[in-house]
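To keep things clear, I will list the structure first and then write my remarks on it.
The values are calculated or read from the model by the stated rules, or taken from the named source; none is laboratory data. The structure presented is a predicted model; accordingly, all values stated were derived computationally and were not measured. All Cβ positions, even for glycine, are placed from backbone atoms using ideal geometry, and neighbour counts span all protein chains on display. Calculation scope for accessible area: heavy atoms of the full protein, side chains included, ligands and nucleic acids excluded. Shrake-Rupley method; radii C 1.70, N 1.55, O 1.52, S 1.80 Å.
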Amino acid sequence: MSDTSGEREKREAGRYAADLVGQGTVIGLGTGSTVFFAMERLGERIKEGLEFAGVPTSYQAAFRARQYGIPLTDLDENLILDLTIDGADQVSHDLSLIKGRGGAQVREKIVAAASRRLYIVVDESKCASHLDAVVPVEVLPFAWATVTGRIATLGGRPVLREGQGKDGPVITDNGNFILDCSFGALSDPAGMEGTLDRIPGVVGSGIFAGFTKKTIVIVGGGSGCRVLPPSRAPHH
Ligand code: 5RP
C-alpha cells in the first residue's frame, strides 16, 4: 500500500505505540485515523501471540478493533487501564492537547483519566508551540443555545457542527451536539478547560490539559519517531 507523507507519519507513530503494549494489559483505544494504524499493528501482534483487551472510545474505535481481532472490554470491568493510545488535533510544547475532531473527546477523556499512561500518536503537523486550534465542546441538545451564548461571552466563536450524510447537527455517540469553538491562542488551557466544564449543559470539551504528567507524545516523522518529552522515551 502506498501512503501519502501524512499517512506515513501517522502509520509510524501508531505502530510505534502499538509495540509498547505489554502482555496481559488492558488498554484504551482512541478514535481517529492515527489510532487505526496502531490497531492494525496490534492485530498483527495478536497473531504473534500478544494477549490484551481494549476499551474503545467510540463506535468507530470498536468497529475497527473488531476488524483487527482486538478483544474488547469496558470500564465497568476495568477501573484502571495500563495505557491508552489516542490521537490529537494539536499538541503544545507542555503536552496539553486539543482533541475532538472526530467528536469522541468525552469518552476519550474518561478513558485517558482512567489510564496510567497516555500515548498520543501524531504527525508533525499537529505539534505547536501553543494551542490555538478549534475546540470541540459536546453539549446537551437542551442547552446548546444557552451554552452558545455563554461561550460567546468568553470570547469564543461557537459553531454548531453539521453532519455529512445527514441533514442537521452531528449527534455524538452519547446523543449530544458539538459546538466547534474558535478562541484563538489559549493562554491558559487548563483555566479554559475548567471554565467550559462549569457551564451548565457542557458535557466535555476537547481541551486536555490535565494529563500532561502521564502523557507521552509519539511524533511520526517519516523516517522514524521522536518522543516528547525525550526523557519519557520508552525502551523500544
Ligand atoms: C477524535 C480525536 C482524534 O484522536 C483526533 O481528531 C486525531 O485524529 P486523526 O488521528 O485522524 O488525525 O480526538 O475525537
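Write out, first by first residue and then by second, each pair whose Cβ atoms fall under 9 Å of each other, whose residues are 6+ apart or on separate chains, and whose first residue, in region 96-112, is assigned to a helix (DSSP H, G or I) while the second is acidic (Asp, Glu) and surrounded by 24 or more Cβ atoms within 10 Å (Cβ to Cβ).
Every condition considered, the pairs that remain are Gln105/Glu138; Val106/Glu138; Glu108/Asp86; Val111/Asp86; Ala112/Asp86.
Could we say that Ile80 is assigned by TED's automatic domain parsing to the domain that holds Glu9, in contact with a strand residue (DSSP E or B) (Cβ under 6 Å, 6 or more places away or on another chain) and aliphatic (A, V, I, L, M) here?
So Ile80 fails the test.
Here are the criteria: (1) closer than 27 Å to Ser115 by Cα; (2) open to solvent by 30 Å² or more (accessible area, probe 1.4 Å); (3) outside the structural domain of Asp89 (by TED's automatic domain parsing). Tell me which single one Gly221 does not satisfy.
Of everything listed in (1) closer than 27 Å to Ser115 by Cα; (2) open to solvent by 30 Å² or more (accessible area, probe 1.4 Å); (3) outside the structural domain of Asp89 (by TED's automatic domain parsing), Gly221 misses just condition (3).
Which numbered condition in (1) over 18 Å from Thr215 (Cα atoms); (2) in contact with a helix residue (DSSP H, G or I) (Cβ under 7 Å, 6 or more places away or on another chain); (3) open to solvent by less than 30 Å² (accessible area, probe 1.4 Å) is the only one that Gly28 fails?
Failing condition for Gly28: (1).
Report, by residue number, each residue of region 86-102 that is within 6 Å of the ligand (Cβ to nearest atom) and buried (at least 24 other Cβ atoms within 10 Å of the Cβ).
Asp86, Gly87, Ala88, Lys99, Gly100
When you go through Gly194, Gly156, Gly165 one by one, which is the residue that is at positive phi and either surrounded by fewer than 21 Cβ atoms within 10 Å (Cβ to Cβ) or not assigned by TED's automatic domain parsing to the domain that holds Gly14 (or both)?
The unique qualifying residue is Gly165.
How about region 107-122: which of its residues are under 22 Å from Ser182 (Cα atoms) and open to solvent by less than 20 Å² (accessible area, probe 1.4 Å)?
Glu108, Val122
When you check Gln60 against the structure, is it within 11 Å of the ligand (Cβ to nearest atom), in the same structural domain as Lys214 (by TED's automatic domain parsing) and open to solvent by 60 Å² or more (accessible area, probe 1.4 Å), yes or no?
Judged against the criteria, Gln60 is a match.
Taking region 19-40 as the search range and keeping residues that are more than 14 Å from the ligand (Cβ to nearest atom) and small (Gly, Ala, Ser), which one is farthest from the chain's Cα centre (by Cα)?
Out of the qualifying residues, it is Gly24.
Select from region 65-85 the residues that are open to solvent by less than 20 Å² (accessible area, probe 1.4 Å) and more than 16 Å from the ligand (Cβ to nearest atom) and write down the one among them that is nearest to the chain's Cα centre (by Cα).
This residue is Leu81.
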